[in-house]
Every structure is written in C-alpha cells, then in structure tokens.
Amino acid sequence: MAGELKGRVALVTGGASGLGRATCVSLGEAGAHVVVADIDADGSARTRDLVTDAGGSADVVTLDVTDDAARRAVVAQLFDQHGDAFDLLVNVAGIDRPGYITDIDLDDYRRVMAVNCEGPVFLTSEFMKRVQHLPEGRTADVVHIVSLSAITSGSGAIAYNGSKAGFLNATRCIQRELREKAVKAEDGSERPFPARVMSVIPAAMDTPMMEQWGIPGHLMMPPAAVADAVRTLVTMHPAAYVPEMQIVPRLEPNFPR
C-alpha cells in the first residue's frame, strides 16, 4: 500500500547498488524519506535519482560503516535534521572476499568482518541510544540483512560465512536484550523498549557481489523480492514482529524474473 511509511525517515546502508538500492526504492515508494548511505558516491546518487523517479524523496550521505566516528556523525546528523521521524534503519552493506584456509588474507578477513558484522552492530548501537527516548506509542524499526550463508558452510567463504554467522547471533542477542529491557513511561510505569530488530536471511540474489561465484541466474532472486520483504516487516502492526525471515528463490526455470 503506497504511503504506509509516510512521515518516516530511513537510513539504508549499502544503498549504492544491489539489495541496498532496491530497498531504497521500495521504501521510497512506500512514502519514507530515504537516506542512501554508501562509500560509493556516484552509485548513491544514482539510487537517489531512482527513488525520486519512482515518486519518493531521498538524500545521500557518504558512510564507511567501519568508521566509528562516521557512524556516530551520521546518526547524530540525521536526528538533528529529522528528530523522531528518523526511526528506521536498514543495515544492508556487505562485502565478500573469497579465500581458503591455506591462502586466506588477513586484511581481507578483517575487512569482511568489519563491514558485515562490526559496522552494523555499532551503527545499531548508536541508533538505539537515540530511539530509546521515542515518545510512547512510537516504535522504531531496524532490519539486519544477514544471509543464508550464516547457517550454511561452503568452500572458499570463511570470511563471509563467518561474518554473517556472527552477525546473525549478534542480532539474536540484541533482540533478547530489547525484550528484557523496559523503559520508563511518562507516568513512571514501565513500557517495552520502543524498537523492533528483525533479520532477513536471504539466499543468493542477483547482485554485483554474486558475480564472482558464477551462480546460474535461475537459482538467484532479484533484489526487489527481498527489498519488498523488508518493506513488509517495517510496516507490520507495532505490537508484533518477525524476528527472522528466511527467503529463498522459486526454482522453476520459467518463473518471471
């Protein structure tokens, strides 16, 4: 339903391409003002144009999710600009550096861990420090894009699979903490923490990152399919949430893509 996110501001990391771009477009079509975050300025600008071409509104910020000062600055900037309307964060940014145990590169491994796990965890931390003060009746949403690789294993994917497994379990820890953590209401009573954290666990998608693996197209999903699932999660009734959503492709060769 168009307009269901009207009045909300969404920060989407990894927004310059692939699933990040598709998520920006989908949330923009739903009425959110989208902030496209990435280290690729040209790709981010193209995403912004796609959002506006689809009738939405968007801005661009340059963000390296591994840079702690940059994470803090972007979150502070968006709350200063938009106040409580900034209540939606989608952590999409991710990279992959193949490597077997006999030749894996230490710098590549650390970079993958930093982008895929450390970065989104600490960006979420900064976001939560702000949204814990949302007025009663408001609920913020955070969606973590994990991967089916978090619960499977494959040759040459130690860094990626390991980072996504860590990110999935970190997300589960965050979810448990928020269920256990109450905040004070204006009348002194306690109310649930005003945020939902959800993880999307997709199988392979037809994105630039997957080109190196040579997976046949009919075994992958279009990014828009997963982006629309993100949109579904953040538009659910605030009294409920889906902690984890696995998404896999339909394998019929003639299924429209």
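The values are calculated or read from the model by the stated rules, or taken from the named source; none is laboratory data. Predicted, not measured: the structure shown is a model, and the values here were computed from it. Virtual Cβ from ideal backbone geometry, glycine too; neighbours counted across all protein chains shown.
Key figures for this structure:
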| item | result |
| --- | --- |
| Exclusive hit being surrounded by 24 or more Cβ atoms within 10 Å (Cβ to Cβ), over 16 Å from ASN91 (Cα atoms) and not small (Gly, Ala, Ser), set LEU5, LEU19 | LEU5 |
| VAL115 being in contact with a Gly (Cβ under 8 Å, 6 or more places away or on another chain), within 13 Å of ARG21 (Cα to Cα) and buried (at least 22 other Cβ atoms within 10 Å of the Cβ) | no |
| Residues satisfying the stated conditions in region 146-160, i.e. free of Cβ contacts under 8 Å to residues at least 24 places away in the same chain, in a loop (DSSP other than H, G, I, E, B) and touching a Phe, Trp or Tyr at 6+ places or on another chain (Cβ under 9 Å) | GLY154 |
| Filter result (in a strand (DSSP E or B), among the aliphatic types (A, V, I, L, M) and modelled with pLDDT under 90) within region 171-207 | ALA182, VAL183, MET205 |
| Residue among ALA16, ALA69 that alone is free of Cβ contacts under 8 Å to residues at least 40 places away in the same chain, among the aliphatic types (A, V, I, L, M) and in contact with an Asp or Glu (Cβ under 9 Å, 6 or more places away or on another chain) | ALA16 |
| Selection within region 208-257 - basic (Lys, Arg) and at pLDDT 70 or above | ARG231, ARG250 |
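One line per residue, one yes/no per condition, for (1) within 13 Å of the chain's Cα centre (by Cα); (2) hydrophobic (A, V, I, L, M, F, W, C):
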residue: GLY18; (1), (2): yes, no
residue: CYS24; (1), (2): yes, yes
residue: ALA32; (1), (2): no, yes
residue: SER44; (1), (2): no, no
residue: ASP49; (1), (2): no, no
residue: THR52; (1), (2): no, no
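Per-residue answers, yes or no, for (1) of a type outside the set (A, V, I, L, M, F, W, C); (2) in a loop (DSSP other than H, G, I, E, B); (3) in contact with a strand residue (DSSP E or B) (Cβ under 8 Å, 6 or more places away or on another chain):
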residue: ASP107; (1), (2), (3): yes, no, no
residue: MET113; (1), (2), (3): no, no, no
residue: ASN116; (1), (2), (3): yes, no, no
residue: PHE127; (1), (2), (3): no, no, yes
residue: GLU136; (1), (2), (3): yes, yes, yes
residue: HIS144; (1), (2), (3): yes, no, yes
